[in-house]
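Presented below is the structure to which this report refers.
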Amino acid sequence: MFLALTEKANAVVKQHFSGVDLNAVWTVPKESSFGDASLSLPLQLASKLKQKPRDVAQIFVDALTGADGIEKVEIAGAGYVNVWLTPAGLLRELSQTREACVPAVKREKERPVIVEYSQPNIAKPLGIHHILSTVVGQTISNLYRHLGYSTVAINHLGDWGTQFGKLAVAVEKWGKKPVEKMTLGDFLELYVRFHDEVEKDETLEDAARAAFRKLEEKDPALTQFWQIVVKTTMREVEAVYERLGIHFDHVHGESFYQEKMQTILDEGKKKGVFIEGEKGALIAMFPEKTGMPPAIVLKGDGSTIYHTRDLATIRYRIDTWHPQSLLYVVDVAQQLYFQQLFDMVRQLGWELPLLEHVVLGRMRFADRSMSTRKGNILRLQEVLDEAVTRAQKIIDERGDSIQTDDPRALAEMMGTGAVVYGIVSQNRKMDLIFDWDKMLSFEGNSAPYLQYTYARAKSVLRKAGAEGESEMPQVIAALTERERILIRTLLQFAAVLEDARSSHMPHTLANYLFGLCQDFNAFYNVDPIVSAAEPQRALRLALTSMTARVLKTGAEILTLRVPERM
């Protein structure tokens, strides 16, 4: 942000504070009364050099006063430097916003970032709670990719484990049709029945474990059964992904690592990381100071477990991609699990990338909890359908006031967008209480508000015959209050993208876009655009064009779509 100002400030550092390894970072003050740009660097320099902050700030004020594009410079508070830019100076700085709308040149020499998200379990439908990891993970992946990072997006499927033994037992005992004819709903019903029946007959658990053991031993009949269940599940899951704009570079199930686990177990035993526990199980122990309990990596009957497969997963990803970071977008309930996993790989002595559990809050119902075992799961598909139905009702009620050639497509865009925005606009670390009306809101800070603002901007440009890239005028004598506010907001886009990426906090971007919508609509309602005299007309059309471009770019990163008409 503020490229020209940054160059000037860094030149001051080089001239007056040589040998100090600090660079200027300008921010946009919350209140316009504090200028267009603010610099805290004098405070840092003063602390480092044991000087008075305001004396250091004065050096910057003297150097910047009267410079091209600068209207006024002042010292504020303990030693901040506030700058007011001329209209021409402000407009020049917008070049960085324009560039931020274009995907950055790929960082070919850097190692990739791996983002793992969604992680559905096979034989179970996507529940509404799955949207947290799915959408937040996709947005984080989009941010990295947009900013030029080599990015590998991975869906890690829960397609292995004792649950397949349970399902195999249930299908054999209570299935009423061939497995090839069964739907995902049938599988869920049988899975729920297994857990109901096991409360009356505990031997079913032993039968399930035995069935999974046979699957691990590559029993032909169970392998074919497993393959059919995976295919049936993915057909439905991929339809939901397509609807939400979710895309992966690789989809690997836990089964993919079946042949890769034994070498990890052997290595762990050799290095003393895995030791024998009760009944021949293998366990990992952790330093007492961590407070973590032991973790099983191999059951006494020789069956593998989640940790076994995740250890093989990390080894495979390191060997295949040599990543700089490996991010797991998973809810907070798995915090201990990942602490144990990361500690294990450190004990193994591997050369590791940055390992991060990107923590998500949990989704809850106001009146009940979700549980696949109990069958009270709210399907994501059903939520999206309901959202689209409500959006269609609004479109029908507003009649001719809604401008669209395809009402059904617009309803889909609004409905799915409302659900997605309900996720990405919230701090990912906070728990989310599922509420139909709040989740599907079309008012205020919502996807339809963003979509409507974008469509409004595009409508203005069509009316003015300026649907292409509008050129910013070179000379503007003065700016109105609303023009200046809108420009100041547009200037923050590049910094917001970087902040959202580095913090893995998509709501930072969502909140920025909401603020931009508010500032544009306030500008639209006060300053005439198409009817304005030149050069103000050209300026306002250029600001409208840039607003539309930023909204579209930001929305697509958040996995939202925006309509050209609405």
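If you look at just the Cα atoms of segment 452-546, how large are its Rg and its Dmax in Å?
Cα only, segment 452-546: 14.1, 44 Å (Rg, Dmax).
For the Cα atoms of the chain, what angle does the longest principal axis make with the long axis of helix 335-347, in degrees from 0 to 90, nearest 10?
Helix 335-347 and the main axis of the chain meet at about 80 degrees.
Once the Cα atoms of helix 536-557 and of the chain are each reduced to a long axis, what angle between those two axes, in degrees from 0 to 90 to the nearest 10, is obtained?
Long axis of 536-557 versus the principal axis of the chain: about 10 degrees.
Mind checking which lysines have their Cα closer than 30 Å to the Cα of LYS463? Skip sequence neighbours fewer than 8 apart in that chain.
Of all the lysines, those that pass the test against LYS463 - Cα under 30 Å, at least 8 places apart if same chain - are LYS393, LYS552.
I need the shape label for segment 113-365. Rule: rounded when a/c is under 1.5, else prolate if a/b > b/c, else oblate, with a, b, c from the alpha carbon gyration tensor. Don't skip to the end; give the middle numbers.
Details: a/c = 1.79, a/b = 1.14, b/c = 1.57.
Verdict is oblate for segment 113-365.
Past the 33 angstrom mark, what percentage of all C-alpha to C-alpha distances in the chain do you count? Please report the intermediate quantities before stating the final value.
Working: 86696 of 159895 pairs.
Taking all Cα-Cα pairs of the chain, the fraction more than 33 Å apart is 54 percent.
Lysine pairs, Cα distance under 20 Å, 8 or more residues apart or cross-chain: how many in segment 1-72?
Taking the Cα cut-off of 20 Å, the pair count is 5.
Which shape class applies to segment 380-557: rounded if a/c is under 1.5, otherwise prolate when a/b exceeds b/c and oblate if not, where a ≥ b ≥ c are the square roots of the Cα gyration tensor eigenvalues?
Oblate.
Sum -39500 (n - 2.57) across every DSSP H segment of at least 4 residues in the chain, then divide by the residue count to get the 222 nm mean residue ellipticity, nearest 500.
The helix contribution divided over the chain gives -16500 deg cm²/dmol.
Would you mind ranking CYS517, CYS101 so that the residue whose beta carbon has the fewest other beta carbons within 10 Å leads the list? Please report the intermediate quantities before stating the final value.
Numbers: CYS517 22, CYS101 17.
Placing the least packed residue first, the sequence is CYS101, CYS517.
When Rg is the radius of gyration of the Cα atoms in segment 117-158 and Rh is its Kirkwood radius, what does Rg/Rh come to?
Rg/Rh: 1.06.
With both partners inside the chain, how many of the DSSP beta bridges are antiparallel, as a percent to the nearest 5?
Of those bridges, close to 45 percent are antiparallel.
Once the Cα atoms of helix 447-463 and of the chain are each reduced to a long axis, what angle between those two axes, in degrees from 0 to 90 to the nearest 10, is obtained?
40
Dividing the convex hull volume of the Cα atoms of segment 3-85 by its residue count, what figure in Å³ per residue is obtained?
80
As a footprinting exposure proxy, order LYS124, LYS214 by other Cβ within 10 Å, with the fewest listed first.
Going from sparsest to densest Cβ surroundings: LYS214, LYS124.
In terms of Cα to Cα distance under 18 Å, which lysines are near enough to LYS106, apart from those fewer than 8 places away along the same chain?
Within reach: none.
Report, ordered by chain and residue number, the lysines lying within cross-link reach of LYS299, taken as a straight Cα distance under 23 Å and ignoring same-chain residues fewer than 8 apart.
Within reach: LYS166, LYS214, LYS218, LYS260, LYS269, LYS270, LYS271, LYS279.
Each reported figure results from applying straightforward, stated rules to the coordinates on display, with no laboratory input. In this text the structure is predicted, and so the values were computed from the model without any measurement. Note that each Cβ is placed from the backbone with ideal geometry, even for glycine, and that neighbours are counted across all protein chains shown.
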